[in-house]
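First the structure, in the form of structure tokens, and then the observations on it.
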Amino acid sequence: MELKEKLGLLNEKSSVAEIQEYIKDMKKARKFDGVTIEREMMLFVEEIGELAKAIRKSTKGCLDISKEYDTSVEEELADCFIYLLNIANMNNVDIFKAFKEKEKKNCDRVWK
Ligand SMILES: [Mg+2]
């Protein structure tokens, strides 16, 4: 099945595990599956920077007005989400399970 078809099968009711599986297929299809975890982490941080810039732009933060910034918060969030899930895959982490376990711990913490 082609990647676009696999993407078409995902919808609002897809699970995080299904999306993680799609990310695995996507990385293979685009031949990014040989990338090291260190490089992937660096690219993830780059995307976080792009998200910060997009937020700064959307909140009328101080930016060079002679430059064209064609990023959107929505798009950069999607980039960060893709990298996050891929880094989870590279570490054999089920991100849904990890989220549940971590949030369970957070629920027991005392916040003041
Ligand atoms: Mg980006």
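No value in this document is a laboratory result; all are computed from the given coordinates. Every value quoted in this text rests on a predicted model; they were computed, and no experiment measured them. Using ideal geometry, Cβ is built from the backbone for each residue, glycine included, and neighbour counts are taken over all protein chains shown.
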Item to check | Two-site FRET efficiency, LYS67 against MET41, from Cβ-Cβ distance with R₀ of 41 Å, rounded to 0.05 | outcome: 0.90
Checklist entry - Which Rg and Dmax, in Å, describe the Cα atoms of the chain? => result 16.9, 51
Next on the checklist: So for the range 15-112, averaging the separation of alpha carbon pairs under 8 Å that are six or more residues apart and normalising by length, what relative contact order in percent results?
Outcome noted: 38 percent
Checklist entry - Which pairs, out of LYS24/LYS97; LYS6/LYS28; LYS4/LYS24; LYS53/LYS102; LYS13/LYS100, put more than 20 Å between their alpha-carbon atoms? => result LYS53/LYS102
Checklist entry - Taking the Cα centre of the chain as the origin, how large is its charge dipole in debye, to the nearest 20, when only Lys and Arg (+1) and Asp and Glu (-1) carry charge on their Cβ atoms? => result 440 debye
Checklist entry - Hey, which lysines would be in cross-link range of LYS57, C-alpha to C-alpha under 25 Å, not counting anything within fewer than 8 residues on its own chain? => result LYS67
